[in-house]
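One structure below.
The values are calculated or read from the model by the stated rules, or taken from the named source; none is laboratory data. Since we're looking at a predicted model, the values are computed, not measured. Cβ placement follows ideal geometry from the backbone for every residue including glycine, while neighbour counts extend to all protein chains displayed. Surface areas here come from the heavy atoms of the whole protein model, side chains and all, with no ligands, DNA or RNA. Shrake-Rupley method; radii C 1.70, N 1.55, O 1.52, S 1.80 Å.
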Amino acid sequence: MSHESLDPTTTSAWSELGAHAARLAGTSIRDLVDADAARPAAFTLDAAGICFDVSRQRIDEGVRQSLLGLAGECRIAERRDEMLSGVHINVTEDRAVLHTALRLPSSAALVVDGVDVVADVHDVLDRMGTFAEAVRSGAWRGATGERISAVVNIGIGGSDLGPAMAHIALEAFSQRDLSFRFVSNVDPTDMSEALRALDPARTLFIVASKTFTTLETMTNAHAARSWLVAALGEDAVERHFVAVSTNAEQVAAFGIDTANMFGFWDWVGGRYSMDSSIGLSTMIAIGSDQYGQLLAGFHAMDVHFATAPAEANVPLLMGLLSVWNRNFLDIQTTAVLPYSQYLSRFPAYLQQLTMESNGKSVRLDGSAVDYQTGGIFWGEPGTNGQHSFYQLLHQGTSTVACDVVVVARAENPLTDQQDMLVANALAQASVLSLGRTAAEVAADGTPVALVPHKVMPGNRPVSLLMVERLDPFALGALVALYEHSVFVQGVVWGIDSFDQWGVELGKKVAMGILGDLTGTANATFDASTEASIARYRSLVRPLIG
Ligand code: G6Q
């Protein structure tokens, strides 16, 4: 396995960007904003219903042009076209990366490795639609003839975060007489609390696992199966369990009728799978028509990414700005600050998408990078975050880039609360980026001793993303925007954004320790681990006699 790996630091654009960073070292975002009344218009782009305003980033036209130059030298357009056409750009796993095929309309044509991918995708979508509508209408009955009232998605990582995030995001569009739970953690508390108030006769489990071998998911699935069988008997399993997987053999071995298995393909990475059959719970919640709108939103952003000229290409610019902030302004983290309670799990979702994709330190050919790659993503919805961690954002010694997400139209208008919410979002975007000088603070009559405490340094780069309404289409477009931004960053850095080797070793070591804890093996570990095992044993021994 080998692949051409460009070291981005050898490009002429990289040198130019270094020079731009030096040139702008003494120029604040406020200086840039104050100097040019046309800046907001010049630095705002639109794509698929998302307004992307980067006028509060620490950039000028020179930076933008060099970033676009970097895109050219790193051949992002060529790499994008390779991805979209099914080239095996996930080189370490020798796989195509085709999440964009999941949202192609049925009229599209894409044959990859000799297979009509569009036909396969729509076959599964049609089967999902039939099943989802049967659950929603009550045509699908449990083993005792009762309607389903609760759906429990059992999955982890990419088989949990997307559906869990989308469930909250699209609650306003969901069928309210169905409740949804998402169980992921192998901590027995997760499943126990999820099942506490549920009636087995009215509960449907979706076992969502691409491989159907993941320890956490299979452990939880077996726990759920035991709970159901204890109440309704073995024969009830096939009316209460369906699977989303690529592994028909294991699905059948679990006792799930493979007629109720919804497949996907090795070219869908876990963290890129919320619009594959992994989205079955989403489809049950919002129905197949609105799920089609979700896919249309994804696809609209895909089309934009594939066809918009570089200077107007929103995911391209977003990805390049992340590179600028990371490699030239030395910014380590990005806070995702959605001003929408419906997006409360969006930062957690993005953590996996961004950090599992670009948390790499070797290039495609295995050579080590000597520059920074993927930053840390985190966040909480505004306005809540304002009353906790924003203090550090405003006056701490670390500079944090911020993505402020604003949804204009409220699904639940309550007096003027939506205006309050948006006013807070715009105020934070302004204060984070522009700050407040000592002279301005003093001019307010602030006592001299307090002035330095109230100075707001500003200069925190902010991207403001605004959508009219958080409907299924907008959610799809928003997720696809971040997916493609992650891709752009990965291409610049020359890394494989689609593998995740770094999570393997921990799983293997855990299995070894588990053998020790359960007495089925007797391996030796490092001294610290041995000491922790001994302490754990001493704590649980009194409980188990
Ligand atoms: C995502 C990762 C990972 C994966 C989970 C669940 O890109 O591959 O988060 O989604 O490990 O895997 P299964 O779906 O196979 O259970």
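Restricting the search to the range 451-473, which residues are in a helix (DSSP H, G or I) and surrounded by 22 or more Cβ atoms within 10 Å (Cβ to Cβ)?
Pro472, Phe473
Taking into account only those residues within the range 71-118 that are in contact with a Ser or Thr (Cβ under 8 Å, 6 or more places away or on another chain) and assigned to a helix (DSSP H, G or I), which is farthest from Val244 (Cα to Cα)?
Here the residue is Glu73.
Looking at the range 31-57 only, could you name the residues that are within 31 Å of the chain's Cα centre (by Cα), assigned to a helix (DSSP H, G or I) and not aliphatic (A, V, I, L, M)?
Once the filter is applied, which keeps residues that are within 31 Å of the chain's Cα centre (by Cα), assigned to a helix (DSSP H, G or I) and not aliphatic (A, V, I, L, M), the range 31-57 yields Arg39, Pro40.
Just to be sure I understand, how many residues within the range 217-226 are buried (at least 19 other Cβ atoms within 10 Å of the Cβ) and out of contact with any helix residue (DSSP H, G or I) (no Cβ under 6 Å at 6 or more places or on another chain)?
The qualifying residues number 4.
If we keep just the residues of the range 18-46 that are of a type outside the set (D, E, K, R) and touching a Leu at 6+ places or on another chain (Cβ under 7 Å), which is surrounded by the fewest Cβ atoms within 10 Å (Cβ to Cβ)?
Among them, the one singled out is Ala21.
Residues to consider are Met128, Met165; find the one that is part of a helix (DSSP H, G or I), within 16 Å of the ligand (Cβ to nearest atom) and either touching an Asp or Glu at 6+ places or on another chain (Cβ under 9 Å) or open to solvent by less than 70 Å² (accessible area, probe 1.4 Å) (or both).
None of the others qualify; the one that does is Met165.
Residues to consider are Leu170, Leu215, Leu198, Leu204; find the one that is within 16 Å of the ligand (Cβ to nearest atom) and among the aliphatic types (A, V, I, L, M).
Only one candidate qualifies: Leu215.
Determine, yes or no, whether Val509 is crowded, with 16+ Cβ neighbours inside 10 Å, part of a helix (DSSP H, G or I) and hydrophobic (A, V, I, L, M, F, W, C).
No; evaluated as a whole, the condition is false for this residue.
Tell me, yes or no, whether the range 139-147 has at least one residue that is touching a strand residue (DSSP E or B) at 6+ places or on another chain (Cβ under 7 Å) and part of a strand (DSSP E or B).
Within the range 139-147, one or more residues are touching a strand residue (DSSP E or B) at 6+ places or on another chain (Cβ under 7 Å) and part of a strand (DSSP E or B).
Out of all the residues in the range 305-322, is one or more under 23 Å from the mean Cα position of the chain (by Cα), modelled with pLDDT of 95 or more and more than 30 Å from Ala108 (Cα to Cα)?
The answer is yes; a qualifying residue exists.
Filter the range 192-216 down to residues that are polar (S, T, N, Q), over 19 Å from Asp257 (Cβ atoms) and touching a residue at least 24 places away in the same chain (Cβ under 8 Å), then give me how many there are.
Looking only at that region, the number is 3.
In the range 235-265, how many are within 16 Å of the ligand (Cβ to nearest atom) and surrounded by 14 or more Cβ atoms within 10 Å (Cβ to Cβ)?
Residues meeting the conditions: 17.
The rows are residues; the columns are (1) farther than 27 Å from Thr373 by Cβ; (2) exposed (fewer than 12 other Cβ atoms within 10 Å of the Cβ); (3) away from the ligand (no atom under 16 Å from the Cβ).
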residue: Val492; (1), (2), (3): no, no, yes
residue: Asp496; (1), (2), (3): no, no, no
residue: Gln500; (1), (2), (3): no, no, no
residue: Thr529; (1), (2), (3): yes, no, yes
